[in-house]
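A quick write-up on the structure given underneath.
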Amino acid sequence: MSEENVQTMADSFGYLFLLSRRFEYITDQILKRDGLTTKQLLVLIAITRGFTEPPSVSQIAESLSTSHQNVKQITTLLEKKGFVKLVRDEKDKRRWLLSVTKKNQEYWDSKAEEQMAAMSSLFQPLTANEVMQFHKLILKLFEGTEEVYAKSRVESNLE
């Protein structure tokens, strides 16, 4: 691999982190008007996507690459705000299952236009074709890190 390629990867790596931080900051500023955070938003998204049955706190933690304790704290706050329901698993009383409430759906439905405008402003520098290319590339990178991520998790649990 050429020195230029290595430098480009290092730059891209840094820019991805910076972009992530900017997106989080901007999203936090928008959500704070309603007493929410980006981390809470991510938990709500995780609960509603990718699961056919109500997911457990541990499943959400795994999907977001965070700890059970972190998700439990976030979901406890979301439950107090009326956005999620935490219910003991009938089959395993140690597990908490999560579902979103009607209030959650109504809230996001009422914010749909504002969400679209905010999302559009973040991707404004890109053409429609570039957004599609970006999506394909970021998905490819995400999927390509699955094995490295899984191996890292196994190794960290062995320590």
*With respect to Glu143, determine if the residue is of a type outside the set (Phe, Trp, Tyr), under 30 Å from Gln29 (Cβ atoms) and either touching a residue at least 24 places away in the same chain (Cβ under 8 Å) or not in a loop (DSSP other than H, G, I, E, B) (or both).*
no
*Restricting to helices (runs of 4 or more DSSP H) lying wholly in region 1-70: which have 2 or more residues that are exposed (fewer than 13 other Cβ atoms within 10 Å of the Cβ)?*
3-31
*Based on what the data block shows, is Asn104 in contact (Cβ under 8 Å) with a residue 60 or more places away in the chain and either assigned to a loop (DSSP other than H, G, I, E, B) or under 24 Å from Phe51 (Cβ atoms) (or both)?*
yes
*Residues of region 75-84 being out of contact with any Phe, Trp or Tyr (no Cβ under 8 Å at 6 or more places or on another chain) and under 14 Å from Leu97 (Cα atoms), which ones?*
Thr76, Leu78, Glu79, Val84
_Just to be sure I understand, how many residues within region 68-94 are closer than 11 Å to Val57 by Cα and either among the hydrophobic types (A, V, I, L, M, F, W, C) or at pLDDT 90 or above (or both)?_
12
*asked:* Any residue that is in contact with a Gly (Cβ under 7 Å, 6 or more places away or on another chain) and either within 21 Å of Phe23 (Cβ to Cβ) or of a type outside the set (A, V, I, L, M) (or both) - is there at least one of those in region 130-141?
replied: no
_Can you tell me which of (1) outside any helix (DSSP H, G or I); (2) surrounded by 15 or more Cβ atoms within 10 Å (Cβ to Cβ) is the one Lys91 doesn't meet?_
(2)
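The values are calculated or read from the model by the stated rules, or taken from the named source; none is laboratory data. Because the structure is predicted, anything quoted here is derived from the model rather than measured. Virtual Cβ from ideal backbone geometry, glycine too; neighbours counted across all protein chains shown.
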